[in-house]
Amino acid sequence: MKGFSSSFIQNYSQINSSSVRINEKHNRISISHRTRVIVFTAGKRRIFLRSRKLADSDSGTCPNKSLLTNIFKWLDEFICDFIDPPLRPCVDPNHVLSGNFAAVEELPPTACTVVQGSLPPCLNGAYIRNGPNPQFFPRGPYHLFDGDGMLHSIRISGGEAVFCSRFVRTYRYELEREMGSPVILKVFSAFNGLLSSLSRCAVFSGRVLAGEIDPRRGAGVANTSLALFAGKLFALGESDLPYSVKLTPDGDIITLGRHVSFGEAYMTMTAHPKIAADSGEAFAFRHSITHPYLTYFRINPDGIKQPEVPINSLKQAALVHDFAVTENYAVFSDPQIVIKPSEVLRGKPPIGVDLGKVPRLGIIRKYAVDESEMWWVESPGFNMNHAVNAWEEDGGDTVVMVAPNILGVENVLERLDLTQSSMERIEINVKTKKMNRKSICNGNLDFAVINPAYVGKKNRYLYAAIGDPMPKAVGVVKIDLSLSTTVNSGDCTVARHLFPPGCYGGEPFFVPKAAAAEEDDGYLVSYVHDENRNESKFIVMDAKSPNLEIVASVKLPQRVPYGFHGIFVPQCELEKLYDN
């Protein structure tokens with residue numbers, strides 16, 4: 001502790017002694033701030049925090065904000081340097097942020113060069129993809145899922161393209177930019193051993209008590225996806241409420257703010273709402289670490305959130321990342337990926353895998369007012385992270401869902417390179433409450449998309465990324481679901497496109513042609529990175545061609561790191577956003 005306090009005094013000797021008191025004998029630092037005293041006690045590689053109200057007899061003045069910020073920052077550095085155990089590869093920033101996972105700077109709207117073919121007229125609009133991009137290189141543990149959200153947009157008009165990269169300016173991003181370093185706990189990486197976890201929680205609590213952080217304003221990074229509904233474009237991440245964003249006519253990206261009408265303080269929303277193309281309604285949910293662990297709701301076409309439906313039959317917090325809807329039902333998963341905050345007291349992350357748990361699928365009426373008619377069916381061996389689509393057959397007696405199943409789920413958080421996903425067709429009999437599953441394609445497939453007009457309706461085609469591992473993709477496959485109806489249907493792949501060696505993409509996005517006559521009459525768009533040349537391109541593939549032929553490509557002025565989900569916003573919708 002002597003080194004602890006001596007170093008503190010050396011670095012912060014300018015602090016008024018009546019505001020910050022160093023007690024060598026009891027290994028203690030006391031900070032008087034506003035109406036409270038925050039006490040940090042250090043022992044052998046540990047820091048404890050307690051807080052008490054400042055009595056009238058306590059003397060001393062409040063240190064200015066910059067000095068208090070420096071104190072907390074120094075404590076963060078102390079934890080990283082002296083308390084953190086050796087970092088596992090999944091949370092070692094030198095490993096996680098290597099190659100094309102490394103962060104990039106913001107880029108204002110910049111003209112691009114079309115280097116192959118020509119951009120089809122139906123692509124007038126903007127393709128935007130979300131993904132993690134930490135604004136600071138982490139000093140301590142960092143997981144891929146924890147990076148600040150950055151939107152990479154390519155604005156297309158009349159065959160010309162403009163590229164732009166901007167951070168989603170969340171409360172977290174703006175606060176940490178002001179502070180000059182990360183200050184809010186990261187869900188997937190902050191809990192790295194018992195002593196370091198408790199120490200970080202103590203420092204975070206100190207910041208909250210000191211008024212530096214207001215948890216009611218959200219703690220998320222909005223780094224997962226985008227959605228367009230109720231006349232607004234949202235950047236989403238399931239650890240917070242959505243953030244409203246818009247594109248300007250010149251192609252820039254502006255964050256309008258956190259959309260608080262979708263929830264109260266501390267509430268969140270899924271990153272995968274389902275948008276009904278016909279009605280414009282959005283169906284969504286949130287999961288929580290407190291009861292109720294799952295809550296279902298919908299948002300009407302005017303953007304007004306309807307009454308919530310708590311799902312009390314989910315008895316344990318689980319990482320419910322996505323769901324599916326049909327004409328009459330919503331389908332939820334209860335996977336083996338669980339959330340146990342108490343695990344922090346054992347030195348383990350709060351999110352983990354319970355291999356002893358039997359996964360389930362839950363069915364509820366799409367317009368339910370409560371969960372009285374909800375029921376669950378066990379699905380051993382089926383862990384759903386993403387849902388591709390769902391619909392009804394047999395007059396509504398059968399719910400069919402297509403989704404990738406995580407194989408080797410025990411590795412999903414620690415070793416993505418050992419995780420595979422098998423695309424499956426799931427049939428659930430609503431009357432007998434029994435289910436059947438079967439694989440419909442060979443290979444490691446995820447990040448699958450369909451023609452957006454078919455959400456919740458029976459569709460024929462899906463397009464999936466071939467993981468190497470995810471979120472890096474070595475190519476794209478097209479699957480014909482009409483071939484999956486027989487018992488021994490086998491591989492239902494009807495088209496495949498592999499990128500050149502050393503080139504990797506991500507999730508494709510389907511854009512229909514104007515007045516398209518058939519479901520697959522359109523294009524697939526995506527970003528692809530060439531690791532050999534360290535340059536990125538925007539590519540356009542013909543979704544009807546037998547090999548998903550590339551018909552146009554645009555060289556981008558900046559590298560696009562591997563990321564998550566994207567969206568295409570047509571010109572007519574962009575013009576509506578200009579007025580927001």
Query raised in the report: Scanning for something in contact with a Leu (Cβ under 7 Å, 6 or more places away or on another chain) and either under 24 Å from Ile337 (Cβ atoms) or open to solvent by less than 40 Å² (accessible area, probe 1.4 Å) (or both), does the range 105-118 turn up at least one residue?
Result: yes
Requested in this report: Please go through the range 445-471 and pick out each residue that is assigned to a loop (DSSP other than H, G, I, E, B), within 24 Å of the chain's Cα centre (by Cα) and at pLDDT 95 or above.
Outcome: Ile450, Asn451, Val455, Gly456
Query raised in the report: Out of all the residues in the range 443-457, is one or more open to solvent by 50 Å² or more (accessible area, probe 1.4 Å), of a type outside the set (Ser, Thr, Tyr) and free of Cβ contacts under 8 Å to residues at least 60 places away in the same chain?
Result: no
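Table: residues versus (1) in contact with a Ser or Thr (Cβ under 6 Å, 6 or more places away or on another chain); (2) in contact (Cβ under 8 Å) with a residue 60 or more places away in the chain; (3) not aliphatic (A, V, I, L, M).
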position: Arg258; (1), (2), (3): no, yes, yes
position: Pro292; (1), (2), (3): no, no, yes
position: Pro301; (1), (2), (3): no, yes, yes
position: Ile311; (1), (2), (3): no, yes, no
position: Val325; (1), (2), (3): no, yes, no
position: Lys348; (1), (2), (3): no, yes, yes
position: Ile351; (1), (2), (3): no, yes, no
position: Pro359; (1), (2), (3): yes, no, yes
Query raised in the report: Taking the range 168-213 only, how many residues are farther than 20 Å from Cys90 by Cβ, buried (at least 18 other Cβ atoms within 10 Å of the Cβ) and among the polar types (S, T, N, Q)?
Result: 2
Query raised in the report: Which of the residues belonging to the range 130-163 are open to solvent by 20 Å² or more (accessible area, probe 1.4 Å) and not aliphatic (A, V, I, L, M)?
Result: Gln135, Phe136, Phe137, Arg139, Phe145, Arg155, Ser157, Gly158, Gly159, Glu160
**Report entry** strands (runs of 3 or more DSSP E) fully within the range 364-439 counting 3 or more residues that are under 20 Å from Val338 (Cα atoms)
**Finding:** 375-378, 398-407
**Report entry** Enumeration of residues in the range 537-546 that are open to solvent by less than 80 Å² (accessible area, probe 1.4 Å), without any contact (Cβ under 8 Å) to a residue 60 or more places away in the chain and either touching a helix residue (DSSP H, G or I) at 6+ places or on another chain (Cβ under 7 Å) or not acidic (Asp, Glu) (or both)
**Finding:** Ile539, Ser545
Requested in this report: Taking the residues in the range 263-284 that are closer than 12 Å to Pro242 by Cα and at pLDDT 95 or above as candidates, determine which candidate is surrounded by the most Cβ atoms within 10 Å (Cβ to Cβ).
Outcome: Met269
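Okay, residues lined up against (1) β-branched (Val, Ile, Thr); (2) part of a strand (DSSP E or B); (3) free of Cβ contacts under 8 Å to residues at least 24 places away in the same chain:
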{"site": "Glu507", "(1), (2), (3)": "no, no, no"}
{"site": "Asp520", "(1), (2), (3)": "no, no, no"}
{"site": "Val525", "(1), (2), (3)": "yes, yes, no"}
{"site": "His529", "(1), (2), (3)": "no, yes, no"}
{"site": "Asn532", "(1), (2), (3)": "no, no, no"}
{"site": "Leu548", "(1), (2), (3)": "no, no, no"}
{"site": "Val554", "(1), (2), (3)": "yes, yes, no"}
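The values are calculated or read from the model by the stated rules, or taken from the named source; none is laboratory data. Computed from a predicted model, the values in this text were never measured in an experiment. Backbone-built Cβ (ideal geometry, glycine too); neighbour counts: all protein chains shown. Note: accessible area is taken over every heavy atom of the protein model, side chains too, but ligands, DNA and RNA are not part of it. Shrake-Rupley method; radii C 1.70, N 1.55, O 1.52, S 1.80 Å.
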